[in-house]
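What follows is a single structure, written as structure tokens, with notes after it.
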Amino acid sequence: MKKGLIIVTILFMLTPLLSACWNQKELTDLAFVMALGIDKGKDKKFKLSFQLVNPGNVSTGQGSGGGQGLPIAVYRSTGDTITEAARNATKKVSRRLYYAHTNVVVISEKIAKTDLLYILDALDRDPEFRTTTEMVIARGCTAEEIVTTLTILDRLPVNKITKQLKASQAMLGENMSVTIDDYLSALVSKGKQPFLNGYSLIGIKSKAKKAENLQKTTTDAFLSSDGLAIFHDGKLLGWVDNNKARGIVWIQNKLKSTDIVIPWKEEKRALVVAPIRSKTNISVHFVNQKPVINIAINSEGWISEANTVIDLNNPVIIGKIDKLVEKEISRQILDSVQAAQKLKSDIFGFGDKVHITNPVLWKKFQGNWDEEFASLKVNVTTDFYVRREGIRTLPFWSSMGK
């Protein structure tokens, strides 16, 4: 009897915890922050821009019930800390800011050069904020301008950024997904430095946030990915663009596809080859107690353009094309390494490789790794194979006799 009474008492005490609504939040009481912009304030240290979704205006099409207004609303607030600035926003927003769906954090160049470390703890510590959120640098503009720009293809501008970064990584290879987690992991590492994607506002900036920007087939202003931002100890050092940015992505083993232009005889831009699969391996060996980095790239692809007379049925010619592509890939990789060495920022994680390979020698280099990295010898070997020539072998130039 006594035992049964104890069980009943325990169950009675646990009943409130079994309720499904003990911590419920009504959707009408929440403001979903889709993107967060962080700029340098004037009087206050930080200026935040919150891109909030207008749910009723996002859906489009017949029968969807979507409104005719703008899909987002942007509110701004300032503060000496990120927490203060975020809470000051409640003076303007009628709902509680909700960060669980925040997909992008945009940082201004001024913040990236001086105060980035002062915002990372707030983003990492908040249990509601996902550290899988993309982090990008506003290049040549403010973070607010990125957050307030309206886009025509994607109703939510934040989706434009996340989708475009994935598309660039898949087809061009000059960008790759970098989350808050990725940045922090590189930041606290002894043998690796972080980098982030750059994003720019192209066109007439004053029209980017106006509704008329959505009513044209070619907008007056649009968002575009723009290079990779290189950091050292949490501070922005410089930028890497185009093929050098591509080489960085390639070394990270994140490149999915791109275009490689190679010459053929007198034509400088005769052939375009598109990799379809690629794998990068990095190893370390030591010469006279000095580390030497070996980068091995194995890739295969297809010929996407042939703007000259060439017999793609000939295995000998295909073999020559393979060698030309290998040479060009190796050149781009070395250019990327030299660009990072010039900035003395080991964004590739070569130091981590040295540490894993020889922990004893790493202790010798660890305190002065920046200088060691700047003069580090790097070897690149590339194996490339053309697997397909498209839907035709001989280009039409052959029939024209050109």
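The values are calculated or read from the model by the stated rules, or taken from the named source; none is laboratory data. Fair warning: this is a prediction, and the values are worked out from it, not measured in the lab. We place every Cβ from the backbone using ideal geometry, glycine too, and count neighbours over all the protein chains shown. Calculation scope for accessible area: heavy atoms of the full protein, side chains included, ligands and nucleic acids excluded. Shrake-Rupley method; radii C 1.70, N 1.55, O 1.52, S 1.80 Å.
Side notes on the structure shown:
- Residues of the range 112-143 satisfying the condition of being aliphatic (A, V, I, L, M) and within 18 Å of the chain's Cα centre (by Cα): 112, 116, 120, 123, 135, 136, 137, 138, 143
- Some residue of the range 90-100 being of a type outside the set (Val, Ile, Thr), touching a strand residue (DSSP E or B) at 6+ places or on another chain (Cβ under 9 Å), loosely packed, with under 15 Cβ neighbours inside 10 Å and within 17 Å of residue 158 (Cα to Cα): yes
- Test: residue in the range 262-270 that is without any contact (Cβ under 8 Å) to a residue 12 or more places away in the chain, of a type in the set (Lys, Arg) and part of a strand (DSSP E or B): yes
- Residue list for the range 142-193, restricted to those being over 18 Å from residue 229 (Cα atoms) and free of Cβ contacts under 8 Å to residues at least 12 places away in the same chain: 153, 154, 163, 167
- Residue satisfying condition, being open to solvent by 50 Å² or more (accessible area, probe 1.4 Å) and either over 21 Å from residue 106 (Cα atoms) or at pLDDT below 90 (or both), within set 190, 235: 190
- Once the range 132-167 is narrowed to residues that are in contact with a Leu (Cβ under 7 Å, 6 or more places away or on another chain) and open to solvent by 30 Å² or more (accessible area, probe 1.4 Å), the residue that is farthest from residue 212 (Cα to Cα) is 160.
- Checking every residue in the range 371-386 against the condition of being open to solvent by 50 Å² or more (accessible area, probe 1.4 Å), under 23 Å from residue 188 (Cα atoms) and part of a helix (DSSP H, G or I) gives at least one match.
- Single match in 367, 351 (criterion: touching a residue at least 40 places away in the same chain (Cβ under 8 Å), over 22 Å from residue 298 (Cβ atoms) and not hydroxyl-bearing (Ser, Thr, Tyr)): 351
- Residue match in the range 103-113 (condition: polar (S, T, N, Q) and closer than 30 Å to residue 371 by Cβ): no
- Hey, residue 294 in a strand (DSSP E or B) and in contact with a Ser or Thr (Cβ under 9 Å, 6 or more places away or on another chain) or not: yes
- Residue, farthest from residue 175 (Cα to Cα), within the range 106-136, restricted to residues that are in a loop (DSSP other than H, G, I, E, B) and β-branched (Val, Ile, Thr): 131
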